[in-house]
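The values are calculated or read from the model by the stated rules, or taken from the named source; none is laboratory data. Only a predicted model underlies this, so the values are computations on that prediction, with no experimental measurement involved. Cβ sites come from the backbone with ideal geometry, for glycine too, and all protein chains shown count toward neighbours.
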Ligand code: G3H
Ligand code: 13P
Ligand code: ZN
């Protein structure tokens with residue numbers, strides 16, 4: 001099966017109340033961990049690539065690795081550009097064989113966001129085969145590539161704008177801001193309460209009222225959640241017990257993501273959790289085997305942890321297992 005776009009995957013996910021995981025890829029081990037996990041769970045999957053990933057690994061390597069994963073697993077896999085900043089990067093990815101792109105002009109004024117998104121949609125939809133386009137309304141806190149949005153400067157999506165935006169741009173899916181944010185420090189300690197037993201921070205709930213309102217305005221339309229790592233504390237603990245220093249790292253509770261996936265959310269973006277799992281595997285290996293110096297040994301452990309994590313996400317959070 002060749003790479004697929006997200007259209008049919010989202011239609012089925014919407015109807016059946018689950019979401020497709022969109023996992024960020026930066027190297028071979030991450031591609032293998034995600035796709036081997038998806039294969040074992042019989043799940044479709046989105047492999048997404050940021051501008052930072054393109055800079056780190058080179059576009060041609062990422063593309064060929066994803067093609068290798070398609071050949072190896074036979075899964076329906078979407079190759080998606082994450083946070084495309086302008087028309088040019090979207091065009092470059094479309095021309096280079098991506099099956100889906102995100103144009104992210106969420107930090108620009110509404111009319112400018114519409115104009116650039118519309119231009120990308122026209123180009124992507126005229127492409128043979130059809131390339132799906134995701135856009136964003138509202139801004140998330142956190143860091144993505146060079147854009148940093150401080151906590152307090154983020155803004156929730158305004159449901160009054162979504163119908164007009166989707167109608168005028170023709171996008172295939174829409175990322176909205178309901179309280180998630182990028183990175184492993186999603187909430188400031190003062191926004192959270194602290195579990196008296198474990199000392200772990202408990203974040204405030206997502207704004208499901210906004211999601212509900214958006215889905216009423218856009219019936220049947222696929223919604224995307226960025227910044228959806230849960231910062232699983234088992235990996236934070238391993239990192240901290242093996243020389244790391246991640247204090248008060250906190251993410252979106254997994255039960256809230258499961259709830260969102262049963263609603264209109266069809267794509268859930270996860271990157272930081274993969275980074276944590278990879279780092280936990282490598283740190284643990286390094287500390288337990290100070291005599292090892294073969295990268296296959298310690299990166300191999302990192303890959304195994306990422307695979308274990310992705311299987312858990314697919315089965316217990318996204319609900320996309322056995323959906324092929
Ligand atoms: O949304 C941001 C993703 O986690 C990608 O991060 O730009 O550091 O590759 P990156
Ligand atoms: P996390 O930082 O929560 O993993 O979010 C990733 C993301 O939204 C990629 O676009
Ligand atoms: Zn994102």
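Go through (1) more than 16 Å from ligand 3 (Cβ to nearest atom); (2) modelled with pLDDT under 95 and name the single condition residue 160 misses.
Condition not satisfied by residue 160: (2).
Each row is one residue, and each column tells you yes or no for (1) assigned to a strand (DSSP E or B); (2) within 16 Å of ligand 1 (Cβ to nearest atom); (3) crowded, with 24+ Cβ neighbours inside 10 Å.
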position	(1), (2), (3)
135	yes, yes, yes
157	no, no, yes
160	no, no, no
166	no, no, no
190	no, no, no
204	no, no, no
220	no, no, no
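Looking at the stretch 223-243, which of the residues that are more than 16 Å from ligand 3 (Cβ to nearest atom) and outside any helix (DSSP H, G or I) is nearest to residue 201 (Cα to Cα)?
232
Just checking, which of 19, 37 is away from ligand 3 (no atom under 16 Å from the Cβ), touching a helix residue (DSSP H, G or I) at 6+ places or on another chain (Cβ under 6 Å) and in contact (Cβ under 8 Å) with a residue 60 or more places away in the chain?
Just one listed residue meets the conditions, 37.
In the stretch 265-286, what residues are surrounded by fewer than 24 Cβ atoms within 10 Å (Cβ to Cβ) and either assigned to a loop (DSSP other than H, G, I, E, B) or over 17 Å from the mean Cα position of the chain (by Cα) (or both)?
279, 282, 283, 284, 285, 286
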